[in-house]
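In what follows, a single structure is set out as structure tokens and then discussed.
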Amino acid sequence: MVVPETHSKSAMLAPSLYESDFYAWTLEQASLLRSHQWAQIDLSNLIEEIESLGKQQRQELRNRLSILIGHLLKWEYQTQHRSRSWLANLRIQRLDILELLADNPSLKPYLEEALQTAYLKSVALAVRETNLPERTFPKDCPYELSEVLSDRFYPGEPSEFVDELN
């Protein structure tokens, strides 16, 4: 008995839509989900992409914390270069982090771990932007999470720029 082939060899070698046009694949998957065409859904890739979205949120939190802490280090260790622009960067990063946490409250338990991970990048940012040697900065994050997120916390000497906020 001869069993017919269900897929030609050339079709099996052709890249999937997922591999060849990711955007088209996302539109197709959304359409299939809306129309309840469960059997047609590319389930393994869809699962992978959903998991990836969660990882991206954690990465976004770490990245924003890195930038914020890097700017806090610069604020503390280069007082002569403080400016309204630096202050605005600090405020914007804090607001963006709070917005990210409001949109993703399940990230809150991850904050302490993210703070420690982000600190390594923060030091690299501060070293690059201040030209100070890495040994200038503490080995571990010198700021508490509550301080990092507080719009009232600006480390180091008092600043006229912060006084203008009050």
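A short reminder: the numbers here are calculations on the coordinates, not readings from a lab. Fair warning: this is a prediction, and the values are worked out from it, not measured in the lab.
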> Taking all pairs of different Cα atoms in the chain, averaging 1/r and flipping that mean, what Kirkwood radius in angstroms comes out?
Replying inline: 19.5
>> Taking θ = phi - 60°, what integer Hz values does the Karplus form 6.51 cos²θ - 1.76 cosθ + 1.60 yield along segment 56-65, in sequence order, with x for Gly and Pro?
In response: 5, 5, 5, 5, 4, 4, 4, 4, 5, 5
> Over segment 7-166, what relative contact order in percent results from Cα pairs under 8 Å that are six or more residues apart?
Replying inline: 27
> Is it possible to state the helix-based mean residue ellipticity at 222 nm for the chain, with each DSSP H run of 4+ residues giving -39500 (n - 2.57), the sum divided by total residues, to the nearest 500 deg cm²/dmol? What is it?
Replying inline: -21000 deg cm²/dmol
